[in-house]
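Chemist: This is the structure, below, for whatever I ask next.
The values are calculated or read from the model by the stated rules, or taken from the named source; none is laboratory data. These numbers come from a predicted model, not from an experiment. Note that we place each Cβ from the backbone using ideal geometry, even for glycine, and neighbour counts take in every protein chain shown. For the accessible areas, the whole protein counts, side chains as well, though only heavy atoms, and no ligand, DNA or RNA atoms are used. Shrake-Rupley method; radii C 1.70, N 1.55, O 1.52, S 1.80 Å.
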Amino acid sequence: MLFSPLSLPCGVVLKNRIVKSAMSDSMGDGRGDPGPFQADLYERWARGGLAAAIIGEVQGDPLAAEKPGNLVLGPKSNTDALRRLADAGRADGAHLWLQLGHAGALTDPAIGQPRGPSALNLPGLRCASLTLDEIEALPGLFGATARQARDLGFGGVQVHAAHGFLLSQFLSPLFNKRTDDWGGSLENRMRLPLAVVEAVRRAVGPDFPVAIKVNASDLLDGGLEEDESLRFLAALDKTTVDLIDISGGTYFPGAASSSDRRTEGPYFLAFARRARQVTTKHLMATGGFKTVEQARDAVARGDVDLVGLARALILDPDLPRKWADGEAGGPAFPRFASPPEGGVTAWYTMQITALAQHRPIDTAGTLPQAIADYADRDRARVVLWRDRFQAG
């Protein structure tokens, strides 16, 4: 079943059940447009045999970006470069989707204005509160970004409501302390994500894939827990979303991300089995899939309809094709001894760059140089970002 087609409710058919899940690939040019090797990267993944790839953190608002390597869709976008990227990602019958992002309180303050549901003043995390007018404008912003993605030739969109970014912040009682109609009860906290899904569907029409990424849990004390997440999924069941991508964890200062866990096996399959009881939507789980056996069994059992791979496809972009040809197992993952916060993410991000540029992967897992290169590149891009989006 891992290599059987999947028909989405909108009518689009994916050729198999393997998706390159969204990552902040940091392959933009620092001015919100695709970098010189980004199309090569997604063509490489497409030719590796996957059904779809998702570009993470594509912004509609350049002042709400997570990093200066993000893409921005708007009136000043380089549409020729974006169309080339969309074309490259369609190689071998693959689909290329854009993840619609808004970092909210996690906006990089060097390039934007951190704003969340509520004002926060915590070590490593400070933000202002969004006004009512700003909140009410957000569904339209997401819808306009989705329509532009469709018009540029991308194959679908994913609304990002996980990992502590803006829509996840609204869902989370840890971030959302509002006392108006946008906070308090779960029904109020999920109003904005549901409104965004509705606006995106209106913007793209009935026959274009619309997915959403959600947290099973924030994995933080005081954050969104599984029972509330299941109630949100039950609400999504009444929408026209095509696919629910289950992940977890929050990029909160000092918090470990789900991708840095040292547990064996996929992370969220137990939650996916619970989700089957509250929604009829197609389900995907992202996190912890390392072998064909894990992926095959999750689909065969009916836990999920699709498996999301990220780091495994950095280490071996041909993994789906190898699995289809009967090769067992998965890539060899490097081990990192006492990595600093964000260090492993920096290492994998720099390996994405190596893959895009057709250079060898650092199989030894050398952290210091990767962390330094990652930081140096972002510092240089901050200047470019400010010049384009904050000049004057």
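Chemist: Take the residues in segment 122-135 that are free of Cβ contacts under 8 Å to residues at least 40 places away in the same chain and of a type in the set (A, V, I, L, M, F, W, C); name whichever of them is surrounded by the fewest Cβ atoms within 10 Å (Cβ to Cβ).
Modeler: Ala128
Chemist: Related question: On the given criteria, is Pro68 within 21 Å of Arg379 (Cα to Cα) and open to solvent by less than 40 Å² (accessible area, probe 1.4 Å)?
Modeler: Considered against the rule, which asks whether it is within 21 Å of Arg379 (Cα to Cα) and open to solvent by less than 40 Å² (accessible area, probe 1.4 Å), Pro68 comes out as yes.
Chemist: Tally time: how many residues in segment 285-318 are within 21 Å of the chain's Cα centre (by Cα) and among the polar types (S, T, N, Q)?
Modeler: Residues that pass the stated criteria total 1.
Chemist: Which residue is surrounded by the most Cβ atoms within 10 Å (Cβ to Cβ), if the candidates are limited to segment 337-358 and must be over 19 Å from Lys20 (Cβ atoms) and of a type outside the set (Asp, Glu)?
Modeler: Across segment 337-358, the extreme among qualifying residues is Ala346.
Chemist: Here are some conditions: (1) under 16 Å from Phe3 (Cβ atoms); (2) in contact with an Asp or Glu (Cβ under 6 Å, 6 or more places away or on another chain). Leu319 meets all but one. Which one does it not meet?
Modeler: Failing condition for Leu319: (2).
Chemist: Further question: Test Arg335 against the criterion of being within 20 Å of Ala51 (Cβ to Cβ) and charged (D, E, K, R), and give yes or no.
Modeler: no
Chemist: As an exercise: evaluate Asp92 against (1) among the acidic types (Asp, Glu); (2) more than 19 Å from Thr145 (Cα to Cα); (3) crowded, with 18+ Cβ neighbours inside 10 Å and give the number of the one condition it does not meet.
Modeler: Answer for Asp92: the failing condition is (3).
Chemist: Ok, one more. Any idea which of (1) buried (at least 17 other Cβ atoms within 10 Å of the Cβ); (2) farther than 17 Å from Pro209 by Cα; (3) at pLDDT 95 or above; (4) polar (S, T, N, Q) is the one Asn78 doesn't satisfy?
Modeler: Failed condition: (1).
Chemist: Now a separate question. For segment 5-35, which residues satisfy the criterion of being open to solvent by 10 Å² or more (accessible area, probe 1.4 Å), out of contact with any Asp or Glu (no Cβ under 8 Å at 6 or more places or on another chain) and among the basic types (Lys, Arg)?
Modeler: Lys15
Chemist: Just one of the numbered conditions (1) within 30 Å of Ala195 (Cβ to Cβ); (2) open to solvent by 10 Å² or more (accessible area, probe 1.4 Å) is not true of Gly302; which one?
Modeler: (1) is the only condition that Gly302 fails.
Chemist: From the residues in segment 225-250 that are in a loop (DSSP other than H, G, I, E, B) and over 18 Å from the mean Cα position of the chain (by Cα), which one is surrounded by the fewest Cβ atoms within 10 Å (Cβ to Cβ)?
Modeler: Looking at the filtered set, the residue picked out is Lys238.
Chemist: So, one more: What are the residue pairs meeting all of these: first residue in segment 208-228, first residue in contact (Cβ under 8 Å) with a residue 12 or more places away in the chain, second residue part of a helix (DSSP H, G or I) and open to solvent by 50 Å² or more (accessible area, probe 1.4 Å), Cβ atoms under 6 Å, and 6 or more apart or on different chains?
Modeler: Short answer, once both residue conditions are applied: Phe208/Arg150; Ala216/Glu226; Ser217/Glu226.
Chemist: Does Thr263 meet the test of being modelled with pLDDT under 95, under 20 Å from Val344 (Cβ atoms), surrounded by fewer than 17 Cβ atoms within 10 Å (Cβ to Cβ) and of a type in the set (Val, Ile, Thr)?
Modeler: Answer is yes for this residue.
Chemist: Restricting the search to segment 36-48, which residues are open to solvent by less than 10 Å² (accessible area, probe 1.4 Å) and either in contact with a Lys or Arg (Cβ under 8 Å, 6 or more places away or on another chain) or part of a loop (DSSP other than H, G, I, E, B) (or both)?
Modeler: Trp45, Ala46, Gly48
Chemist: Let me spell it out: the conditions are (1) surrounded by 24 or more Cβ atoms within 10 Å (Cβ to Cβ); (2) touching a His at 6+ places or on another chain (Cβ under 8 Å), and Pro209 meets all of them except one. Which number is the exception?
Modeler: For Pro209, the exception is condition (1).
Chemist: Only one of Ala110, Ala119 is without any contact (Cβ under 8 Å) to a residue 24 or more places away in the chain, open to solvent by 10 Å² or more (accessible area, probe 1.4 Å), more than 27 Å from Glu198 (Cβ to Cβ) and over 17 Å from the mean Cα position of the chain (by Cα); which?
Modeler: Criteria check complete, one pass: Ala119.
Chemist: Could you run through segment 279-302 and say how many residues are under 26 Å from Ala235 (Cα atoms) and either at pLDDT below 95 or in contact with a Leu (Cβ under 9 Å, 6 or more places away or on another chain) (or both)?
Modeler: The number of residues fulfilling the criteria is 11.
Chemist: Across segment 376-390, what is the number of residues that are at pLDDT below 95 and open to solvent by less than 40 Å² (accessible area, probe 1.4 Å)?
Modeler: 0
Chemist: Go through the residues of segment 359-375 one by one and say whether even a single one is closer than 30 Å to Lys76 by Cα, at pLDDT 95 or above and either of a type outside the set (Gly, Ala, Ser) or open to solvent by 60 Å² or more (accessible area, probe 1.4 Å) (or both).
Modeler: Scanning segment 359-375 turns up at least one residue that is closer than 30 Å to Lys76 by Cα, at pLDDT 95 or above and either of a type outside the set (Gly, Ala, Ser) or open to solvent by 60 Å² or more (accessible area, probe 1.4 Å) (or both).
Chemist: Ok, one more. Please identify the pairs in which a residue from segment 152-163 that is free of Cβ contacts under 8 Å to residues at least 12 places away in the same chain and within 13 Å of Ala203 (Cα to Cα) has its Cβ atom under 6 Å from the Cβ atom of a residue that is of a type in the set (S, T, N, Q) and assigned to a strand (DSSP E or B), counting only partners at least 6 apart or on another chain.
Modeler: If the second residue must be of a type in the set (S, T, N, Q) and assigned to a strand (DSSP E or B), no pairs are left.
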